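Heads up: the structure comes next, in C-alpha cells.
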Amino acid sequence: MKFKKLNLVLILLITILVFFALYLGMKKQNLYTTDHIVNKKMPNLISTELFTGEETNLSELVAQEKFTILNIWASWCAPCRSEHKHLITLSSNNNSKIVGLNYKDKIENAKSFISELGNPYDHILLDKKGFISIDLGAYGVPETYVIDNTNNKIIKKYLGPIDEFILEEIINILNS
Amino acid sequence: MINQLGYYSLVFCVLFSLFIITNSTRAIISKNSKFDGIYYNLVFLQLFLVVFSFICLIFNFIVSDFSNVTVYNNSHTSKPLFYKISGVWGNHEGSLLLWLLVLILFLFLFILNSKKSENNYKLLTIVFQEVIILGFLLFIIFTSNPFEYLFPTPTEGLGLNPILQDPALAIHPPILYLGYVGTSLVFSSSLAATVNKSINSDWAKHIKKWIFASWIFLTLGIMLGSIWAYYELGWGGFWFWDPVENVSLMPWLCLTALLHSVLVLEKRNSLKNWTVILSIATFALSMSGTFLVRSGILNSIHTFANDPSRGLFILIFLFILILLAIIIYFSFEIKNTNPSNNFFWLSKETAVLINNWFMMYFLSVVLIGTLYPIFLEVISNEKISVGAPFYHKLMVPFLIPFFIFMSIGPRLKWIKDKFTKINYYQILILILSLVISYLIVEYSGVKYLFSTILISTSIFLFYSSASDLVKKNIQFPQKISHFAFSLLIISILINGIYSKEINSNMKVGDNLTFMNKKIEFKSINFEKQDNYNLLRGNFEITEEGKIPINFQPEIRIYDQPVISTSEADIKTNLLNDNFIVFSLLKEGEVFNVRYQQKPFMIWIWISLIMLAFGGSLALIKK
C-alpha cells in the first residue's frame, strides 16, 4: 500500500512538472526572433575558408577596416543572384571588407556561382550545417549584416536581397 | 444565416452534453442503472446537430461565402470543388469540428455495438466520453469558432496553401483523426471498466475491436501523411522525424503495444493494470499531439493556430483528463484474479511483454526527442533541434534484438512452450541471411559490420514471418500483419542504404553524368492552368543498352496566394523509384535539378497497406 502511495505521488509530481514545463514553453515567444542581435556584440565566428580550406577567425580577417559587411548566401538561392551585382558595387568601397557566409551549400556549386557571377567577397566562409547562421539569428538567405569593427557591434541587418535603396543606405553608413 | 445555424447547433450540443452527463451520473450514483433508449436518442440527436453544423461549414466553403472568416482565410473562388471541400478540414477551426464529429460518431457507434455490455459500464463510458466531447465543444465555441462573422464581406478569399492541394493530404487528416479519436473511446471505456471493476477477458474482447479500428486508421493516416511528404514536398524522403510526425508516431507505438497486451488480457486474463495504463497513455499521447500541434509550441508546416489562448485551453483540458485518469486508476484497485502473474519464460505471454518493452523503449526515445528541445528552451533559453541522427543512434541498435524476438515470438504457445531440439533449418537460414546481407553491404559500399547484422536479422525476420504464412497454428490476420511489418523493415533498410542522389544547377541544354546515366535537360514549356501557371521541364535520362526515359517535372506558380511549388516527376517500378525535381533559381535560366534513385519505395507503401489490411481482418473476424 505504501508503495502504491509513493507511486501516486511520484506520478502526480511528474505530471505537474510536465504541465508547467509545457505551460512555460508555450508562454515563450516561440517565433524565431532575429532582431535581438542588432546593437549587440558580434559573436566570434570561426569557420573554413571556401577557396583555401583553412580554419579562419573572422575578427582577424577584418581587423584593419572600419566596417565589415557580412552576407549570407547560397548558390541555390535565387534572390542571392539578384543582389549579387549590388555586392559587387559595394566591394569597391574602401572602408569595409565584405565577407560571404556560404549557407548549406555544395562547395562545387558555390565555386561555380562565384566564377559565373564574379566575386565581390574578400573572404568566403563556409556554414555547411547552418549553425553559424543560427548563432547570428538569421532568418534565411540572403541576409546582410553591417558590423562596426571599432567596437565589434552589429549596427544593421537586412533580411532578404539588397536592392538599390539598401545599397545606398549601406554606402551612407560606410562613408559616415 | 447558415453561419448562425451552424453556430447555434453547436451551442445546443453543449446543452445535450451537460444533460447526458448529469443524467447518467445520477443514474450511476443512485445505482439505478437503467439503460433505456434515452441515451441512444440523445447521442443520436447530438450527432445530428454536429453533422448539421459540419454540413453548414461545407456549404459555406462550396458557395465561397466569404462573410465567414474561416472560409475567407482558407478558400478562394477559383479553387477546384474537391479542394474547396477538403479546405473545410485543412484549417484549425474546421479540423476541430471534424474531430468533434468523429468523437460523437464513435460514441454513437459504441452504444450501438455494446448492447450486451453491463449497464453501469456503458453509462460510465458515456460519462467519460461526454466529458471529452464537452471539452472539445467548449474549446471550439470559445476559442476556435468556425462560424466567425466578417463584415463587410470580402469579394475574394485568401486561398488555401497550394502545398495542401493534394489528394493524399485531403484525406490524411480525417483518417488520422479517426485513429486519434478512436483512442478516446478506448480511454473512456478502460476508465469505465476500472471504476466498474470489470477489467477482464470479456472487456478485452469487447474493447479489442476499438483498439484495432484506431490502430488501422492511425496506420493509414500516418502512411498518407508520409505519401504526401514524399510526392508533394519532393525532398525525396518519406519520414523526417519532424516533431509533428513524431506526435503521430507516439500514439501508434503505444497503441501497437496495447494491441498486443490486450490479447494477453483476453486469452489469459492477465496484464490488467498494464493494459489500462497503456489505454490511458495512448489517449494522453493523442491529445498531447493535438496540443503540441495547435499551441504553436512547435514550429512546423502543421502548426496552423498560433493563438496562445487555444494552447492554454488544450493544455489545461489535457491535464484535467490525465489527472482524472490517474485518480481513478489509483482509487479503484484492479485486482488480479490470476494468482500467478509470472509468466513462464518461454511462452507467448513473455513474447508479448518483450514486444511491449521494445515499444515502450522506442516510444521513450521519440518522446524525449520531441519534448527535450521544448524543456531545454524553458530552462536555458537554448534552441536545439533534434534530428534523424539522434533517433537512428538510439533506435537502430535495439532493432536487432527486436527483430530476433519478433521472428521467434509468434510461434510460441500460450502459457508454456516446450524448448524443442535446436532447429538446424532455422540456424541455416540465419547463416544464409548473414551471407546475403554481407553481400548487400559489401556491394553498396557501406562497410559496417553493424549494417550487416541489422540486415541479416531483418532478412531472418522476413523469412520467419514468410514461413509463418503457411503455418496453421497462427491466426491469419496476425500472419499478414507480421509479414507486412517485416517487408516494411526490409524495404526501409534497403531504401536507406541504396538511395542515391545528385543535385546540380543546370540550364536548358546542359548534360550531367551520374552512375553511368546521362541526364539531359532538353527543354522547358510554359502552360497556363486554372489556378496556377506551370513550367514544365523536359529531361531525358539515357542508360547504356536501355530505352531513354523522359521526365517532366513541374514548377507551379499559384495565384492565390502567390507561391511556387515544385512537382517531382516520379517513375515508379517494382524495384526503384526514379525521380527528378527542379526548382527556380533565376527566372527562365538556371534551375536547381535534383535526380534521385530510391529503391523499394513502392514496397514501403504496399507493406503499410498490408499491415493495415491485416488489422482490418482481425477487426471483422468474430
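The values are calculated or read from the model by the stated rules, or taken from the named source; none is laboratory data. From a predicted model like this one, the values you see are computed outputs, not experimental measurements. Backbone-built Cβ (ideal geometry, glycine too); neighbour counts: all protein chains shown.
Every residue, every condition in (1) among the charged types (D, E, K, R); (2) exposed (fewer than 15 other Cβ atoms within 10 Å of the Cβ); (3) in contact (Cβ under 8 Å) with a residue 60 or more places away in the chain; (4) touching a Phe, Trp or Tyr at 6+ places or on another chain (Cβ under 7 Å), yes or no:
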position: B:Phe485; (1), (2), (3), (4): no, no, yes, no
position: B:Ile492; (1), (2), (3), (4): no, no, yes, no
position: B:Glu501; (1), (2), (3), (4): yes, yes, yes, yes
position: B:Thr513; (1), (2), (3), (4): no, yes, no, no
position: B:Asn516; (1), (2), (3), (4): no, yes, no, no
position: B:Ser523; (1), (2), (3), (4): no, yes, no, no
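Which one of these does A:Phe131 not meet: (1) crowded, with 22+ Cβ neighbours inside 10 Å; (2) modelled with pLDDT under 85?
All conditions are met except number (1).
Within the group B:Phe52, B:Phe44, B:Phe59, which residue is of a type outside the set (Ser, Thr, Tyr) and closer than 17 Å to B:Val11 by Cβ?
Matching residue, one of B:Phe52, B:Phe44, B:Phe59: B:Phe52.
Please state which of the following conditions B:Asn381 fails to meet, knowing it meets all the rest: (1) facing another protein chain (nearest Cβ under 10 Å); (2) on the phi < 0 side of the Ramachandran plot.
B:Asn381 satisfies every listed condition except (2).
Can you tell me which residue within segment B:354-366, out of those that are buried (at least 18 other Cβ atoms within 10 Å of the Cβ) and touching a residue at least 60 places away in the same chain (Cβ under 8 Å), is farthest from B:Ala284 (Cα to Cα)?
Only one residue tops the list, namely B:Asn355.
Here are some conditions: (1) at pLDDT 85 or above; (2) out of contact with any Phe, Trp or Tyr (no Cβ under 8 Å at 6 or more places or on another chain); (3) away from chain B (no Cβ under 13 Å). A:Ile46 meets all but one. Which one does it not meet?
Exception for A:Ile46: condition (1).
Looking at B:Tyr40, B:Tyr8, can you tell me which residue is closer than 22 Å to B:Thr143 by Cβ and surrounded by fewer than 20 Cβ atoms within 10 Å (Cβ to Cβ)?
Details: B:Tyr40 fails: closer than 22 Å to B:Thr143 by Cβ.
On inspection, the qualifying residue turns out to be B:Tyr8.
For B:Phe330, indicate whether it is closer than 25 Å to B:Ala192 by Cβ, hydrophobic (A, V, I, L, M, F, W, C), modelled with pLDDT under 90 and touching a Leu at 6+ places or on another chain (Cβ under 9 Å).
Judged against the criteria, B:Phe330 is a match.
Residues checked against (1) in contact with a Gly (Cβ under 9 Å, 6 or more places away or on another chain); (2) assigned to a helix (DSSP H, G or I); (3) within 14 Å of chain A (Cβ to nearest Cβ):
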position	(1), (2), (3)
B:Pro477	yes, yes, no
B:Ile502	no, no, yes
B:Lys518	no, no, no
B:Asn525	yes, no, no
B:Asp530	no, no, no
B:Gly537	no, no, no
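So, in segment A:71-116, exactly how many residues are under 17 Å from B:Ser504 (Cβ atoms), more than 18 Å from the chain's Cα centre (by Cα), of a type outside the set (Val, Ile, Thr) and more than 10 Å from every other protein chain (Cβ to nearest Cβ)?
Total satisfying the criteria: 2.
Quick check on B:Ile606: is it within 30 Å of B:Ala213 (Cα to Cα) and free of Cβ contacts under 8 Å to residues at least 12 places away in the same chain?
Criteria not met by B:Ile606.
Which count do you get for residues in segment A:78-115 that are surrounded by fewer than 19 Cβ atoms within 10 Å (Cβ to Cβ), of a type in the set (D, E, K, R), modelled with pLDDT under 85 and part of a helix (DSSP H, G or I)?
1
This table checks each residue for (1) surrounded by fewer than 21 Cβ atoms within 10 Å (Cβ to Cβ); (2) closer than 30 Å to B:Arg556 by Cα.
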{"site": "B:Gln129", "(1), (2)": "no, no"}
{"site": "B:Ile133", "(1), (2)": "no, no"}
{"site": "B:Leu150", "(1), (2)": "yes, no"}
{"site": "B:Pro167", "(1), (2)": "yes, yes"}
{"site": "B:Val181", "(1), (2)": "no, no"}
{"site": "B:Phe187", "(1), (2)": "no, no"}
{"site": "B:Asn196", "(1), (2)": "no, no"}
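Quick one: B:Phe539 ticks every box in (1) of a type in the set (Phe, Trp, Tyr); (2) under 27 Å from B:His76 (Cβ atoms); (3) in contact with a Pro (Cβ under 8 Å, 6 or more places away or on another chain) except a single one, so which number is it?
(2)
What about A:Ala63, is it over 22 Å from A:His123 (Cα atoms) and either at pLDDT 80 or above or not in a helix (DSSP H, G or I) (or both)?
no
Quick check: anything in segment B:580-595 touching a residue at least 12 places away in the same chain (Cβ under 8 Å), more than 14 Å from chain A (Cβ to nearest Cβ) and farther than 30 Å from B:Phe217 by Cβ?
Checked against the condition, which is being touching a residue at least 12 places away in the same chain (Cβ under 8 Å), more than 14 Å from chain A (Cβ to nearest Cβ) and farther than 30 Å from B:Phe217 by Cβ, segment B:580-595 yields at least one hit.
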